[in-house]
Amino acid sequence: MLKMVSMYTVSTLLLFALSTVPVQADAARDYISIVGSSTVYPFATVVAEQFGKTTSFKTPKIESTGTGGGFKLFCGGVGVEYPDITDASRPIKKSEGDMCAQNGVKEIVEVKIGYDGIVVANAKKAPQLQLSRKDLFLALAKQVPDPAGGEKLVANPYKIWKDVNPALPATKIEVLGPPPTSGTRDAFVELVMEHGAESYPWIKALKKSDEKQFKIISQALREDGAYIEAGENDNLIVQKLEANPSAMGIFGFSYLDQNGEKIQGAKVDGVVPTFEAIANGTYPVSRPLFFYVKKAHVGKIPGLAEYVKAFASDKAWGPEGYLADKGLIPMPDAERQKMAEAAVQMKPIAIGQLK
Amino acid sequence: MSRSIDIVQRGLKRRYRAERRFQRLGLAAIVVSLIFLALLFASIVHRGHGALFQTHIQLNVFFDPQILTETDLNAADYSRLVKEALYAMFPAVSGRNEKRNLSGLVSSGAAYQLRDMVLGNRAIIGTHQEIWVPADDDVDMIYKGALARDSGRLSKDQLAWVDQLHSQKKIEKQFNTAFFRSGDSREPELAGIWGAACGSFFTLLVTLALAFPLGVATAVYLEEFAPKNSWTDLIEVNINNLAAVPSIVFGLLGLAVFLNAFGLPRSAPLVGGLVLALMTLPTIIIASRAALQSVPPSIRDAALGVGASRMQMILHHVLPLALPGMLTGTIIGMARALGETAPLLMIGMVAFIVDIPHGFTDPAAVLPVQIYLWADSPERAFVERTAAATLVLLLFLIAMNGAAVVLRKKFERRW
């Protein structure tokens, strides 16, 4: 018995000895650690790879944790065990800023990198749809204004697109989209659903009088099978659309860009989702993408300032840059220049003023 | 008496029929599962075989001393060498956009290939060299026929250039060495599984080093020394419970204990190995105990009878006889650990990592994670690479499980 106990003690000690060595080795992390949005991931990774190959620094490590998960890790504190940069498909929230400040992360630099379009697409075999944001709201909201009229909400009764808008075909409403944890879902709700809901004056009035009720109306998506949460894997949605021509899918523009011979984007408010239409702002469903830098780590982690500079160069995020090839929609020239200057100067945001 | 034999005889036919049905049912079950397995393999091979080959383009590169003058050859503009070689092949191409399209035919990895050549042998500066460089992933897909020509990924001009290269025999499919030699990349034509394979290797090494000795020691103690009381019962129940815990729970444990409490680095094979060791430990303990139980008591009694101590009895007689069974259990546990992703998600091993890991604390991904990451990439060329990586993982698993079967057949003794 004693022998076994001592054996266990020795092996446990060994385990600890094994684990303390790397802690010391880690005390000076020599690569950049990045976490955050899965939407920004395809762009951040390209910059990281180029950065690793063209400079003497190591290639940054990038984890795709989702925007919210990224902030949680990023705001954990200052020190080598916490990430240096988090990617986000929406601006930082007040609660996240507060969490950062509480844990000693006082100086955060915000860098906007460009735009991403969200498309509503179907298989090329099916006809291209012409949707308005009101159509999408009526098709996907859990509760819609009573079709009979009046300021009353009813559970969504629409089964086919034609019910929503007589100009649309008589196919079943079946939309594959991201789950609530996704930044794409947040952006879709804000840009499409809220906007669609506001086309009813009495709902729009609610926004001022009863914001909570407005949020409930505009943000809840159907749970009766017409809206299908398809997970974070957009490739899977593309495959499912190809197999089922009557279904529609909601995902980022870069997937439409890569699969142009299989699927087509629906016109939203009369505009086809193309690179140009998103870049010049005529396509209504587009959102900015960001990354946030922990200023306290600049100078401590080798290459951090250089990575930010590499990202904020026209070679990367410009209209002719390699990120545009990957589907990132660049900012207009003036905005891009201003952002690049801010990124190089590392001017922190005012956490207290976040909304 | 004859009456009962009559009853038996009458029922005999029916009973034989029932038995045949029973047998066929079992056979049908096997056939169905084999068909599914074959379907899975066929679809993976069908999708993944393309990734074994990569389209390359032959360029006549002039290592221009004018461009390579800088003292720091590392940072010279190698992509310009590639572009100049392309412009020389298609002298008719002019205009900024056309030139940009033309240089888009070749992978951005070509420049790094040239850099490595120059750094390896400075004498080639000032010479002309015929070099095969990887083509861009869209060119690769269309040349292989995995993507339709009218898919819109290549412009009309680009298609015409590819055709011209084809007629000059300057474009061809070559064995995709990059896939087996390099780490992850966002350019499908440069992406490889070597980084993930190294990560898997380091992770499994940690797992094996911890789980095997701990598992065997636990099993030996519980089987040979432990008194049979309620405490050992409790331990046994707990071990069996642990074996059934979903793997993600071990990831959460790893996050809370190894990362947050001990402060170990994220994304490191060391932590991955620790977590997977916890996960495989119950499997190994259970298999090892079964192996020890199958050693007949007469062996123990004989050893003790000729005066061996209990430790000698265990080390000299019982363990060698039980070892094949223990190893089989360990290999099966390791195979499960090799294919695991969920617990690694929690400790940051699901990450984009380009550099090939060289130690236990370097950031690393593992094979199944690599598959997961590629499956989620928008580029079309990653579809076949995902399937090819799955194929590699399956081959590893088959090899490991095959080894377990061979071990059992070769060394196991039946009593």
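The values are calculated or read from the model by the stated rules, or taken from the named source; none is laboratory data. Just so it is clear, the model here is predicted, and its values are computed rather than measured. Counting neighbours? That spans all protein chains shown, and the Cβs are built from the backbone with ideal geometry, glycine included. Side chains included, ligands, DNA and RNA excluded: accessible areas come from the protein's heavy atoms. Shrake-Rupley method; radii C 1.70, N 1.55, O 1.52, S 1.80 Å.
Data table
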read-out	value
Part-to-part distance (alpha-carbon centres) for the range B:325-388 and the range A:146-187, which is given in Å	39 Å
Low-density loop cleavage sites - trypsin sites (Lys or Arg not before Pro) in the range A:64-144, where at most 15 other Cβ are within 10 Å (DSSP)	A:Lys93, A:Lys106, A:Lys125
Threshold 30 Å², the range B:329-359 residues less accessible with all protein chains present than alone (1.4 Å probe)	B:Phe352, B:Val354, B:Asp355
Chain B - mean residue ellipticity at 222 nm from DSSP helices (-39,500 (n - 2.57) per run, n ≥ 4, rounded to 500)	-20000 deg cm²/dmol
Local electrostatic count, B:Arg21, Cβ distance below 11 Å [Lys/Arg +1, Asp/Glu -1]	+4
Folded to 0 to 90 degrees: helix B:230-243 orientation relative to chain B principal axis, Cα	30 degrees
Chain A - mean residue ellipticity at 222 nm from DSSP helices (-39,500 (n - 2.57) per run, n ≥ 4, rounded to 500)	-11500 deg cm²/dmol
Virtual spin-label span in nm between A:Leu236 and B:Gln9, 7 Å along Cα→Cβ	6.4 nm
Overall Cα dimensions of the protein assembly as shown - principal axes, largest extent first, Å	94, 81, 63
Mean separation of Cα contacts under 8 Å (6+ apart) over length of the range A:117-286, as relative contact order %	39 percent
Top of B:Gln54, B:Gln168, B:Gln23 by mean-square fluctuation, Gaussian network on chain B, Cα under 10 Å	B:Gln23
With Cα atoms, 0 to 90° folded angle of helix A:41-54 axis to chain A main axis	40 degrees
Residues losing 50 Å² or more accessible surface upon assembly, the range B:66-115, compared with the chain by itself, 1.4 Å	B:Arg100, B:Tyr112
Accessible area in the full protein assembly, largest first, 1.4 Å probe, for B:Ser294, A:Ser37	B:Ser294, A:Ser37
Tensor-based shape of the range A:55-119 (alpha-carbon gyration tensor, a/c under 1.5 rounded, otherwise prolate or oblate)	oblate
Surrounding net charge for B:Gly402, when Lys and Arg each add one and Asp and Glu each subtract one, Cβ distance under 13 Å	+3
In Å², nearest 10: area of B:Ile332 left accessible to a 1.4 Å probe	80 Å²
In Hz, Karplus ³J(HN,Hα) per residue of the range A:304-321 (6.51, -1.76, 1.60; θ = phi - 60°; x = Gly, Pro)	4, 4, 5, 5, 4, 5, 5, 5, 8, 9, 4, 4, 8, 9, x, x, 9, x
Number of partner chain Cβ atoms within 10 Å, mean per residue of A:50-62	5
Sites B:Phe36 and A:Lys172, calculated FRET efficiency, Cβ-Cβ separation with R0 41 Å, nearest 0.05	0.85
Amide hydrogen neighbours beyond the local backbone of A:Met248, cut-off 5 Å, H modeled	A:Glu174, A:Val175, A:Leu176
Peptide B:361-372 - average C-beta neighbours from other chains (10 Å radius)	2
Angle in degrees between helix A:333-345 and the longest Cα principal axis of chain A, rounded to the nearest 10	20 degrees
Distance (nanometres) between label positions extended 7 Å along Cα→Cβ at A:Glu306 and B:Trp194	2.3 nm
Computed over chain B: relative contact order in percent, which uses C-alpha pairs under 8 Å that are six or more apart	19 percent
Along principal axes, Cα extents of the range B:225-269, largest first, whole Å	42, 21, 16
Accessible surface, the protein assembly as shown, averaged per residue in Å² (probe 1.4 Å)	47 Å²
Largest to smallest accessible area among A:Asp116, B:Asp64 [probe 1.4 Å]	B:Asp64, A:Asp116
B:Ile331, A:Ile32, reordered so the largest accessible area comes first (probe 1.4 Å)	B:Ile331, A:Ile32
Computed label-point distance, nm, for sites B:Ser155 and A:Lys159 using a 7 Å Cα→Cβ extension	5.0 nm
Loop-resident sites, the range A:217-267, for GluC sites (Glu not before Pro), counting at most 16 other Cβ within 10 Å (DSSP)	A:Glu223, A:Glu261
Chain A, relative contact order in percent, only Cα pairs under 8 angstrom and at least six apart counted	26 percent
Within chain B, longest stretch free of exposed trypsin sites (Lys or Arg not before Pro) [DSSP loop, at most 13 other beta carbons within 10 Å]	B:229-412
Once the Cα gyration tensor of the range A:270-335 is diagonalised, semi-axes √(5λ) in Å	29, 13, 9
Kirkwood Rh, angstrom, the range A:117-286 [1 / mean 1/r, Cα pairs]	16.1 Å
Using a Förster distance of 51 Å, the FRET efficiency for A:Asp325-B:Ala217 (Cβ separation, nearest 0.05)	0.35
Rg and Dmax of the range B:201-351, Cα atoms only, in Å	17.3, 59
Beta bridge orientation in the protein assembly as shown: antiparallel %, DSSP, nearest 5	75 percent
Hz values of 3J(HN,Hα) by residue in the range B:36-53 - Karplus curve (6.51, -1.76, 1.60), Gly and Pro given as x	4, 4, 4, 4, 4, 4, 4, 5, 5, 5, 4, 7, x, 5, x, 6, 6, 10
Percent breakdown of C-alpha pair distances by 10 Å bin, ordered from the shortest bin, for the range B:53-175	13, 44, 31, 10, 1
Paramagnetic reach from B:Ala226 (point 7 Å along Cα→Cβ, amide N under 16 Å) across the range B:266-286	B:281-286
Carbon and sulfur %, accessible surface of the range A:117-286 computed with the full protein complex present, 1.4 Å	52 percent
Largest to smallest principal axis extent of the C-alpha atoms in chain B, angstrom	102, 64, 38
